[in-house]
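Since the structure comes first, as structure tokens, the remarks are kept for the end.
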Amino acid sequence: MKRQIVMVGPFPPPVHGLATTNAAVRSHLEALGAEVRTINTAASSLDRSWLARFGRLPSASRGWVRLATMRRLYRATIYLSVSGGLGQVYEAAFIALARLRGMRVFVRHASFAYIDEPTRLARILIALTGPSAVHVTQSQGMADRLQTIYGMPLVVPISNAVLYPQTEITSVCVRRELRIIGFFSNLSAEKGVFDFLDLMAAIEAEKLPLQAKLAGLFQDTQTERAVHARLKKLRGAQYIGPVYGADKETFLSGIDVLVFPTRYKNETEAKVNHEAMSHGIPVIAYGRGCIPEIVGPDCGKVIDPEEPFVPAALAQIRTWLDDPAAFEAASRAAARRFAETSAQNERRWRTLLSDLTGNDTALIGRPLSKQD
């Protein structure tokens, strides 16, 4: 009999990396015939103000009541995504309630904030999960650091690359010439949109033959006004708007390099890096979270977050403009690296899905080795 699964975390809307990842995991579980119940704790907008974050309390409270009153939860599974800040107060309460109801606990760590700067709140949350909980991270490096800092026994590194269809790789259009750089994310200062605009201003100052495209939702109206004001000063930069489905495919087909100067303290892999590389698009990014484990020197440029972004990114762009053969090689390497990352993590992902749905107990009681 399939095990009942309760998923707790944000789901779209609004659209952002964690919400879309949770939705993809749910789809994979349902495709296996699992009975999945969703407790959606998403905020009503992308606004990251204190007031907006406090606004999650009503949805979290309704979620606690649902979890407390659901039937047949003993030995059922809870799969919960952990955020990076005070949202862990809500999440810790869900974990404690799940343990009281005899549920098996699977925790997906979706932030580097409490790895880069360990917190007492994260220690409390992890202690509440119990010794038999399964902790999921996005890379081996992230898993190693979590184990070193917090000491949990069972950590499974699984890249989110496994959530994206392999069929995308077969239609990769190899980039042979660098003409258009792109920024694709929720548009905010912490995701690097202003660093991207600074880079484009430097490109235009040097009269390099490049254009720029931006796509995504604005975090707030203040950011929207500031970005549009900057765009008026740039001749070759265009804002496309939010893109989903076929529009996203069109956007990715129309750029040659993804520029991702993220300053986001919670950043792990960043979904956009996988999406770009699966289309043969090299990446220039700040090396936050797991990004240095994803983007290699053969398929892009990872810049130390302590260094200024524009000079290093501009130097890489000049290299590719001067050497189209090197750029084409980087494009091929991006698609190849995505395929390798996905394949390397597929076995762990299938094993985890089997464990979640009750078809396998391979993970229970032992850490998954780096060779598994």
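The values are calculated or read from the model by the stated rules, or taken from the named source; none is laboratory data. Predicted model, so just to flag it, every value in this text is computed and none were measured. Note that we place each Cβ from the backbone using ideal geometry, even for glycine, and neighbour counts take in every protein chain shown. Surface accessibility is based on the protein's heavy atoms, side chains included, excluding ligands, DNA and RNA. Shrake-Rupley method; radii C 1.70, N 1.55, O 1.52, S 1.80 Å.
Annotations for the structure displayed:
- With Cα atoms, 0 to 90° folded angle of helix 120-129 axis to the chain main axis: 50 degrees
- Put simply, the amide H of residue 218, placed in the peptide plane, has neighbours under 5 Å in 187, leaving out anything fewer than 5 places away on its chain.
- Charge sum, other residues only, whose C-beta stays under 14 Å from residue 302's C-beta, Lys/Arg counted +1 and Asp/Glu -1: -4
- Compactness ratio for region 208-330: Cα radius of gyration over 2.2 N^0.38 Å (N = residue count) comes to 1.07.
- Of the residues 302, 156, 36, the one that moves most in a GNM of the chain with alpha-carbon contacts below 10 Å is 36.
- Sorting 12-23, 273-284, 231-242, 175-186 by average packing, meaning the other beta carbons within 10 Å per residue, from highest down gives 273-284, 175-186, 12-23, 231-242.
- Amide H to amide H, with H built 1.01 Å from N, residue 260 comes under 5 Å of 284, 285, 286, counting only residues 5 or more places away or on other chains.
- With contributions of -39500 (n - 2.57) from each DSSP H run of at least four residues, the per-residue ellipticity at 222 nm computed over the chain stands at -13500 deg cm²/dmol.
- The Rg/Rh ratio of region 99-258, with both radii computed over alpha carbons and Rh defined as the Kirkwood radius, is 1.09.
- Measuring how big region 1-150 is from its alpha-carbon positions, Rg and Dmax come out at 14.8, 44 Å.
- Cα centroid separation, region 1-21 to region 191-223 (Å): 31 Å
- Diffusion coefficient, µm² s⁻¹, Stokes-Einstein with Kirkwood Rh over alpha-carbon pairs of region 69-117 at 10 °C and 1.306 mPa s: 137 µm²/s
- FRET efficiency, 1/(1 + (r/R0)^6) with R0 51 Å, evaluated for residue 32 and residue 235 via beta carbons: 0.50
- The calculated FRET efficiency for residue 246 paired with residue 24, based on their beta-carbon distance and R0 = 22 Å, is about 0.80.
- The chain - convex hull of alpha carbons, volume per residue in Å³: 126 Å³
- Mean separation of Cα contacts under 8 Å, 6 or more apart, over the residue count of the chain: relative contact order %: 17 percent
- Whole-percent carbon and sulfur share, accessible surface of region 184-252, 1.4 Å: 52 percent
- The length gained on full extension between residue 206 and residue 149, counted as 0.36 nm times the residue separation minus their Cα-Cα distance, comes to 15.9 nm.
- Applying a threshold of 18 Å to the alpha-carbon distances of 191/213; 248/271; 191/271; 233/271; 232/271 flags 233/271; 232/271 as lying beyond it.
- Net +/- balance of residues flanking residue 210 in space, Cβ distance below 12 Å, scoring K and R +1, D and E -1: +1
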